[in-house]
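The values are calculated or read from the model by the stated rules, or taken from the named source; none is laboratory data. Here the structure is a predicted model, which means the values were calculated and not measured. Methodologically, a virtual Cβ is constructed for each residue, glycine included, from the backbone with ideal geometry; neighbour enumeration extends over all protein chains shown.
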Protein chains: 2
Amino acid sequence: MTEPAAAYEELKAAGLKLDLTRGKPSSEQLDLSNALLGLPGVGEYRSADGTDTRNYGGLLGLPELREIFAPSLQVPVGQLVAWNNSSLELMHDVLVHALLSPVPGAPARWADAGRVAFIAPVPGYDRHYGVCERLGIDLVTVGMTADGPDMDEVERLVADDPSIKGIWCVPKYSNPDGVVYSDEVVRRLASMPTAAPDFRIMWDNAYAVHHLTSDELEIADLLTLAADAGNPDRPFVFGSTSKITLAGAGVAFFGGSEANVDWWLKLTSKKSIGPDKVNHLRQAMFLTDAAGLRAHMAAHRELIAPKFAAVERLLAEAFADTEGVSWTTPKGGYFVSLTVPDGLASEIVRLAKEAGVVLTPAGATHPYGKDPQDAIIRLAPTLPPLDEVEKAMAGVVTCVQLALSRR
Amino acid sequence: MTEPAAAYEELKAAGLKLDLTRGKPSSEQLDLSNALLGLPGVGEYRSADGTDTRNYGGLLGLPELREIFAPSLQVPVGQLVAWNNSSLELMHDVLVHALLSPVPGAPARWADAGRVAFIAPVPGYDRHYGVCERLGIDLVTVGMTADGPDMDEVERLVADDPSIKGIWCVPKYSNPDGVVYSDEVVRRLASMPTAAPDFRIMWDNAYAVHHLTSDELEIADLLTLAADAGNPDRPFVFGSTSKITLAGAGVAFFGGSEANVDWWLKLTSKKSIGPDKVNHLRQAMFLTDAAGLRAHMAAHRELIAPKFAAVERLLAEAFADTEGVSWTTPKGGYFVSLTVPDGLASEIVRLAKEAGVVLTPAGATHPYGKDPQDAIIRLAPTLPPLDEVEKAMAGVVTCVQLALSRR
């Protein structure tokens with residue numbers, strides 16, 4: 001038996017049961033927000049402006065919570081909506097609205113527009129693709145660079161094809177590559193000519209404050225740049241407290257131009273009498289202000305940075321000199337992207353699964369679950385305790401080595 | 001000046017500012033649930049089955065909360081979903097799903113079905129109409145009887161026309177008439193032949209436990225009757241804790257056949273990673289069980305039954321012998337329906353508004369805001385304190401008398 005094969009047999013014999021699949025916070029991270037479980041407190045239900053948060057109403061959401069998140073999401077408070085517990089839901093529903101009612105600037109609703117396609121920079125987030133696949137929106141892939149999507153390719157596509165109505169972006173600490181869009185990329189997205197007059201940027205700023213180093217990176221202000229370029233309605237901005245406070249019981253945000261927000265409010269008023277404002281009050285009381293938010297995120301960093309460091313260390317020890325194996329070292333976000341020689345990703349994921357280490361399916365970072373190179377594996381190290389991350393990554397290393405040895 | 005005209009001038013001079021427009025709970029009703037504001041409590045986040053409610057996941061919602069509501073909503077626990085804070089949102093979104101993906105038994109998704117129409121029993125709930133109007137679903141009106149919709153007319157319509165895909169029903173203490181569907185009406189709805197194989201009953205059981213008298217009325221079990229009649233997938237059942245615990249921070253429910261719930265879960269999994277389970281835990285801890293729910297509703301009744309009694313008393317004192325003026329005396333729910341001679345409703349609402357008493361716009365109880373008889377006024381007495389309900393109703397009486405005198 002070869003050395004890698006023997007190591008793999010040993011790994012299997014260990015009977016591990018570990019999971020690096022999804023970007024979920026760990027119990028320790030959730031513990032940071034346990035005070036929320038007793039808030040707002042009996043007798044506390046008035047917002048700063050005197051609203052009884054217990055009753056119906058208030059589609060925009062509580063101002064004090066929107067004020068805390070307006071700076072980091074780079075949206076003026078008056079144009080930022082706080083909603084319920086899922087930004088994915090907001091993204092899905094804004095596209096449903098666009099399919100069924102013309103977005104500002106649209107010649108028709110997208111359901112009557114024939115083909116509708118979105119650009120998907122790859123690798124990217126599988127749930128973005130899932131929303132489009134479910135709604136019948138085609139996906140056109142474009143490669144990612146170290147600075148964001150390949151803008152030459154994006155500009156070429158959107159200039160010619162009016163059926164391309166949008167692009168998915170995770171502009172800071174992108175899922176899964178950890179890419180931070182350069183100012184130049186943001187400027188080009190804001191100002192590029194598009195054949196579709198109703199083109200939208202789905203700006204999923206999911207990791208706006210999720211730094212892994214003291215280098216707290218900032219990105220350019222898309223909303224202002226788009227307005228300055230004469231495209232004020234182009235950005236739809238999304239954010240969420242799911243990976244800040246409680247993953248399942250947080251608050252999601254939607255922002256954009258006044259026209260976009262008015263359009264959204266008008267349509268949403270037909271389906272809801274307002275978001276859970278008690279939860280808004282709860283979250284605002286807990287985070288207090290932008291400084292409180294920053295301090296809270298520093299506590300997250302203390303818990304998860306060592307896990308990312310372990311991933312980096314184990315990969316570097318094994319593959320620093322291995323051609324064809326590379327990985328990202330993100331300065332924020334929730335993921336590490338591991339690139340292996342073409343054709344090996346799904347084999348490595350299979351080997352790991354057999355050895356009790358569950359990884360995100362190879363291909364999940366691409367539309368329709370198909371990575372044409374079969375080369376990218378997304379690693380999500382936040383959920384398991386540090387020692388399990390180390391064990392799981394040692395297992396991944398063994399699987400990569402076995403796959404490489406078999407080539 | 002006539003006597004009614006003089007009384008109206010006096011009313012205007014009083015400078016009232018009262019509101020009987022919407023079915024909102026009062027502050028005192030919300031106070032009944034103030035314990036929720038401190039729940040689940042720091043350190044409390046595990047559900048009965050050990051789930052960490054703080055994290056992502058669990059599309060069905062917490063079992064312990066679904067168990068509390070399964071009996072009153074007449075849906076087996078396994079087929080009852082607990083979601084976020086709005087049943088209106090669930091109704092809207094289930095129709096969006098039906099437009100974009102075939103419901104079980106449908107030959108095509110409704111977006112590709114040409115005309116889609118729903119039956120709207122009138123008078124009914126304006127927000128139901130608003131959802132259909134927003135989604136391009138036509139509304140066909142059918143009259144209400146004391147036992148529910150006019151079933152001869154409903155059966156005639158659905159037997160012939162495959163474009164009629166559904167009917168809106170508030171089967172218990174209906175909005176605004178307080179009608180409780182008879183067993184025979186429920187049986188006919190469950191078993192009637194429909195030209196559309198994908199016909200759905202939107203069973204908005206909003207007032208399932210909202211009794212105003214000790215006569216706690218029950219309705220027939222639609223889901224079982226429909227299954228027995230060979231139409232298991234016909235009912236979509238909805239419920240909500242909004243008028244039980246906190247109006248804006250409650251939990252909404254969706255139920256139906258296993259096929260319907262599977263369909264819903266599959267589509268919803270594309271837009272959300274799950275509902276706010278911490279709120280499910282909070283509500284379950286507060287209500288404890290079906291008996292706790294019943295006791296809680298008795299406390300609501302104690303607060304609001306006197307308001308309904310005041311409406312009844314003031315109307316009876318003024319109009320017991322007036323031809324053409326009648327009103328409902330509901331045994332539950334949130335509304336009283338006042339019928340005036342044809343053509344007078346909007347005039348009375350206008351007069352009341354000028355005198356500082358805001359009523360639901362005349363016509364709101366009909367699709368497109370148009371009551372062809374202009375005869376029905378919906379009164380919502382729960383929100384204002386009792387003395388204000390009395391003052392507002394005295395004002396309404398004056399306005400009705402003035403309008404009658406001017407005929």
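Details
- Flag if A:ARG46 is under 30 Å from A:ASP138 (Cα atoms) and surrounded by fewer than 23 Cβ atoms within 10 Å (Cβ to Cβ): no
- Selection over the stretch B:1-14 of residues that are assigned to a loop (DSSP other than H, G, I, E, B) and among the aromatic types (Phe, Trp, Tyr) gives a count of 0.
- You will find that of B:GLY256, B:GLY230, the residue that is under 27 Å from B:GLY332 (Cβ atoms) and not acidic (Asp, Glu) is B:GLY256 and no other.
- Filtering the stretch A:140-197 to residues that are assigned to a loop (DSSP other than H, G, I, E, B), closer than 25 Å to A:THR329 by Cα and of a type in the set (Asp, Glu) leaves A:ASP147, A:ASP150, A:ASP177.
- Candidate set: the stretch B:195-223, residues that are of a type in the set (Val, Ile, Thr) and in contact (Cβ under 8 Å) with a residue 40 or more places away in the chain; chosen: the one surrounded by the most Cβ atoms within 10 Å (Cβ to Cβ): B:VAL209
- Single residue of A:GLY114, A:GLY148 found to be of a type in the set (Gly, Ala, Ser), away from chain B (no Cβ under 11 Å) and under 23 Å from A:VAL336 (Cα atoms): A:GLY148
- Residue match in the stretch B:62-81 (condition: closer than 26 Å to A:VAL94 by Cβ and crowded, with 23+ Cβ neighbours inside 10 Å): no
- Restricting the stretch B:15-52 to residues that are within 7 Å of chain A (Cβ to nearest Cβ) and not in a loop (DSSP other than H, G, I, E, B), the residue that is farthest from B:VAL278 (Cα to Cα) is B:SER27.
- When A:GLU89 is tested against the conditions (1) assigned to a loop (DSSP other than H, G, I, E, B); (2) in contact with a Lys or Arg (Cβ under 6 Å, 6 or more places away or on another chain), the lone failure is (1).
- In the stretch B:57-73, the residues that are among the aliphatic types (A, V, I, L, M) and either more than 14 Å from chain A (Cβ to nearest Cβ) or closer than 15 Å to B:THR245 by Cβ (or both): B:LEU62, B:LEU65, B:ILE68, B:ALA70, B:LEU73
- Count of residues meeting criterion [in a helix (DSSP H, G or I) and either crowded, with 24+ Cβ neighbours inside 10 Å or among the basic types (Lys, Arg) (or both)] in the stretch A:97-125: 2
- Test: residue in the stretch B:163-170 that is within 14 Å of another protein chain (Cβ to nearest Cβ), in contact with a Lys or Arg (Cβ under 9 Å, 6 or more places away or on another chain) and buried (at least 17 other Cβ atoms within 10 Å of the Cβ): no
- Lone qualifier among B:SER72, B:SER86 - being small (Gly, Ala, Ser) and in contact with a helix residue (DSSP H, G or I) (Cβ under 8 Å, 6 or more places away or on another chain): B:SER72
- Residue in the stretch B:152-160 that is surrounded by fewer than 22 Cβ atoms within 10 Å (Cβ to Cβ), in contact (Cβ under 8 Å) with a residue 40 or more places away in the chain and in the same structural domain as B:SER240 (by TED's automatic domain parsing) present: no
- Considering the stretch A:264-278, and only residues there that are without any contact (Cβ under 8 Å) to a residue 60 or more places away in the chain and facing chain B (nearest Cβ under 7 Å), the residue that is surrounded by the fewest Cβ atoms within 10 Å (Cβ to Cβ) turns out to be A:LYS270.
- Hey, A:GLY130 farther than 23 Å from A:ASP371 by Cα and either surrounded by fewer than 20 Cβ atoms within 10 Å (Cβ to Cβ) or at the interface with another protein chain (Cβ under 10 Å from one of its Cβ atoms) (or both) or not: no
- Restricted to the stretch B:308-407, the set of strands (runs of 3 or more DSSP E) holding at least 2 residues that are buried (at least 22 other Cβ atoms within 10 Å of the Cβ) and within 20 Å of the chain's Cα centre (by Cα) comprises B:336-339, B:376-379.
- Residue in the stretch B:166-173 that is over 22 Å from B:LEU222 (Cα atoms), touching a residue at least 12 places away in the same chain (Cβ under 8 Å) and in contact with a Gly (Cβ under 9 Å, 6 or more places away or on another chain) present: no
- Pick from the stretch A:233-254, criterion farther than 30 Å from B:ARG282 by Cα and part of a strand (DSSP E or B), ranking: farthest from the other protein chains (Cβ to nearest Cβ): A:PRO235
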